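**Q** Quick one: this structure, given as structure tokens, is what I'll be asking you about.
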Amino acid sequence: MPVTPVRIYKTLFSRTFLSFVGPIFLGIALIVTGCGTTHPSTAIAISTASLPAGKVGVVYTASLAASGGTAPYTWSAASGALPAGLSLSATTGVISGTPTAAATNASIGLKVTDSASPAHTQTVILSLTIAAGTTAVAITTTSLPSGSVGAAYSATLAASGGTAPYSWSVTSGALPAGLALAAATGVISGSPTGAVSASPIAFTLSDSSTPAQTATATLNLTITAAISTAMSVTISPARAGLTITQPLTLSATTNDPAGVHWSISPSGGSFSAGTSASGAPVVLTAPSSAGVYTISATSVTDSTQLGSITIGVTDLPGVYTYHNDLNRDGANVQEYALTSATVTATSFGKLFSCPVDGAVYAQPLWVANLIVNGVQHNVVFVATEHNGLFAFDADTAPCVTLWQVSLIDAAHGAASGETPVPWNLVGIGRGNLVPEIGVTGTPVIDPTTNLLYVVSESVDSTQTVFTQRLHAINLTTGAEATGSPLAIAATYPGTGDGGSTTAFNAKQELLRAGLALVNGTVYATWSSNEDAAPYYGWVIGYTYNGTTLAQGPVLNVSPNTGYSGIWMSGSAPAADGLGNLYLLTGNGTFNATNTSAPNNDYGDSLLKLATGTSLTVAQYFTPSDQLADQQNDQDFGAGGAAILADLPAGSPINHLIVGGGKDGSLYVLNRDLLGGSGDSNAWQRIAFGTGIFSTGAYWNNNFYLRGINGPLASYELNTTTALFSAGPVSGSSYGFPGSSPSVSAMGTSNGIVWDINGHLYCTQNSQGCGPAVLHAFNAGNVATELWNSSTNAQDAAGNAIKFNVPTIANGKVYVGSRGNNTGGASNSTSTPGELDVYGLKPN
């Protein structure tokens, strides 16, 4: 085949040809590309072989180094991670920051990259340890005590954080002559030789870290001239009880011309001035948290000289109802001022009294921090048998009347000429209530609406038309609420009046028991005026919607046979958390066990009433001796009912209720299952031994009760067995009717049992006429009496009232009385009624 040009070309550039001439061309290329350049540098290498250790909280820095390659370099972490708080500079290779977490031999891949093209890199693995450290060092001393020339001085500077030991120094200013700073301890000591006024001194602290941490604080130090006379400080008042945020005016008497500094411990509240001159008033606004506080006034010149007092601050919002609450347990466990140490003859007594227009049978009620006429007051409300209603400042002596009204004037719904009911117009001549009948049952307060509900009783000018009214009264003014009052009238099916319906009779019925407010409904109950038939045990509910006061459900507990009054010696129906009412009835027929009608008459029984749109007897307990009680005037309902606190899980029963009457038996019942008729249904029957005309008090698993001519008895509840056992008793005995005790306490400590000996109550059946006597007993052992008002003449109360109950609130005890009236007409003496106020003596 002929050889073509193309083939010749391919042959020339065959593999053999190129292997011969290739090196020649490569040499030429190297010569051409190398013209005008330098030879390449050595390979890049990291010269850092290890990293220094660091410490948490201490500034850290370490520089990475490299050689060779082409600068500049770029640094990065190729693997692992730097400990928290540290970072690596990409341009400088510096690891820096303040470590926040410890690390032990943390393995970190560190990479350097040069600027050649292509770039050269090298990576090394280094370990880094960060030791556990402390928080930053800080000086915690914020002020230095003052000193005086010639007097030994010592103050210790304090610090936190860093690493001990510390070293102290003065870096600005100078210590006063005669004083020195110990570098190792931070103690400033010595005896100043010259006076200095608020000299600023900068103190610097260094710790033992590497590198060391430092902190500096500038503190003022004052050295006063030599004291030639010992300083003294006395605070007035010497003791007090306050509600939260209540103001108290204080003053300090001192011979220090510079005055005093004020302080409170624990911290809380505020002073109108931090420093005051001797005798100058300073107003303390009480703390917003309850507790016991110490108020101190410290001499400005000599800080070692101070006066101090202790005050109790309560967060009790009010005593709104009879015996404190719906349990009727009589316990105020938010009392911080009254203790066994403060209720003594030297520190406790009668503070003042407030005259009123009639005898005070109803328990006084109390409200904290109420705004009346634009000013904040603690207010005590008092209702009288003259149908008067009074609002007094609860703390101010002499007595300050905030407002007073008559519940039987035109503004309160009465017709012209109405008066309280003269005692001899009703009843059977016993004179149980003399000289008149107006407000007898304790009112109730609704704090959500600022309304006080109270029932008045009156007769017209002809003394033939009797009226009872339920009033809804504005707490701040005494005015009737819109749609109030409401005249009381009711009917209920029954044959007791000779037909098929019974009717409420305002003349025959007496509202002796207190009112109860349960789930927005006010419940009122009635008994009789001196057992004068016909009468019934009525229970009626009332509601108020802001514009209308309306009657609700009605129950007659003895509609066929009459009697069975609900009077409970002035107690009020109790209520549980489900809204069930509990009350006791007096003498009357019991026929609830009949198989046919009538079988809804409940004489001498404890009733549990279901409430709502109707009132029904849900359960009852009737003692085995009911018939004997009825026939011998031994009312089971002479005493009140008190619901006790729920028992802990695991107890045989969870809820108890206690009640008893004239026959001297005290019944402990399971209020979830009252059981019906017969003592065998009682959980426990206690032979109390004396007739009961009172409501017991319950506190800290102890039940307290005083019967006729008997001591104050205490019973301790075993929460495992749910049974009571007898405890200590007081050594004193009162005559008829005994008393209904109440308790003040600071939670489960500092319990005091208060009761009133009112057996000289000045009516026809009384053993005489004389002052009510207030007593205080140690609740842990009632055999120890702390105080009573008969010891000092200046503590005497007004003349006694039967069934009276004290009200304890904010370091004070309020007692209603008949003033200097001895049973005659209200205008027969200068003071027909009186509120007596006892409390901590200010000095």
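Values in this text are rule-based calculations from the coordinates and carry no lab data. Fair warning: this is a prediction, and the values are worked out from it, not measured in the lab. All Cβ positions, glycine included, derive from the backbone under ideal geometry; neighbour counts span all protein chains shown.
**Q** List the aspartates and glutamates whose alpha-carbon lies under 15 Å from that of K55, not counting same-chain residues fewer than 8 positions away?
**A** Within the straight-line limit of under 15 Å, K55 reaches these aspartates and glutamates: D207.
**Q** Could you please state, rounded to a whole Å, how far the C-alpha centre of the range 510-525 is from the C-alpha centre of the range 533-551?
**A** First find each Cα centre; the distance between them is then 8 Å.
**Q** Stokes-Einstein D for the range 186-292 at 20 °C, 1.002 mPa s, Kirkwood Rh over Cα pairs, in µm²/s?
**A** Diffusion coefficient, whole number: 122 µm²/s.
**Q** Moving on to the next point. Which far-off residues, 5 or more places away or on another chain, put their amide H under 5 Å from the one on V729, with H placed in the peptide plane?
**A** Placed amide hydrogens put A783 under 5 Å from V729.
**Q** OK, next. Work out, in µm²/s and without decimals, the Stokes-Einstein translational diffusion coefficient of the chain at 25 °C, 0.890 mPa s, Rh from Kirkwood over C-alpha pairs.
**A** So the translational diffusion coefficient is about 73 µm²/s.
**Q** Counting only other residues whose beta carbon sits under 10 Å from that of G349, what net charge do I get with K and R as +1, D and E as -1? Don't skip to the end; give the middle numbers.
**A** Details: positive: K350, K841; negative: D795.
Net charge in that neighbourhood comes out at +1.
**Q** So what is the calculated 222 nm ellipticity per residue for the chain, using -39500 (n - 2.57) for each DSSP H run with n of 4 or more, over all residues, to the nearest 500 deg cm²/dmol?
**A** Working: 3 runs with 33 residues, N = 843.
Result for the chain: -1000 deg cm²/dmol, rounded to the nearest 500.
**Q** Rounded, prolate or oblate, given the Cα gyration tensor of the range 680-774, with a/c below 1.5 counting as rounded?
**A** oblate
**Q** Continuing with this model, one more query. Computed over the Cα atoms of the range 119-250, what is the convex hull's projected area averaged over all directions, in nm²?
**A** For the range 119-250, averaging the hull's shadow over all directions gives 17.2 nm².
**Q** Another one. Using amide H atoms built 1.01 Å from N in the peptide plane, name the residues 5+ places from T501, or on other chains, whose amide H lies under 5 Å from its own.
**A** For T501, whose amide H was placed from the backbone, the distant partners under 5 Å are G494.
**Q** Rounded to the nearest 10 degrees, what's the angle between the helix 15-33 long axis and the longest principal axis of the chain, both from Cα atoms, 0 to 90?
**A** Helix 15-33 and the main axis of the chain meet at about 80 degrees.
**Q** Output the pairs from K608/K662; K507/K802; K507/K812 with a Cα-Cα distance over 26 Å in this structure; if there are none, say none.
**A** Check vs 26 Å cut-off fails for K507/K812.
**Q** Translational diffusion coefficient, Stokes-Einstein: compute it for the range 45-131 using the Kirkwood radius over C-alpha pairs as Rh, at 20 °C and 1.002 mPa s, and state it as an integer in µm² s⁻¹.
**A** Numbers: Rh = 13.1 Å.
My calculation gives 163 µm²/s for D.
**Q** Label-point separation (nm) for T140 and T547, each offset 7 Å from Cα along Cα-to-Cβ?
**A** 6.4
**Q** What is the extension gain from T285 to V94, computed as 0.36 nm multiplied by their sequence separation minus the C-alpha to C-alpha distance, in nm to one decimal?
**A** Stretched out fully, the T285 to V94 stretch lengthens by 62.8 nm.
**Q** Continuing with this model, one more query. For the range 541-551, what does the Karplus curve 6.51 cos²θ - 1.76 cosθ + 1.60, with θ = phi - 60°, yield as ³J(HN,Hα) per residue in whole Hz, taken in order and with x for Gly and Pro?
**A** x, 9, 10, 10, 9, x, 10, 9, 9, 10, 6
**Q** Right, something else. How much of the DSSP bridge set in the chain is antiparallel, in percent, rounded to the nearest 5? Present the calculation step by step, with values, prior to reporting the outcome.
**A** Numbers: 199 of 213 bridges.
Bridges in the chain that DSSP calls antiparallel: roughly 95 percent.
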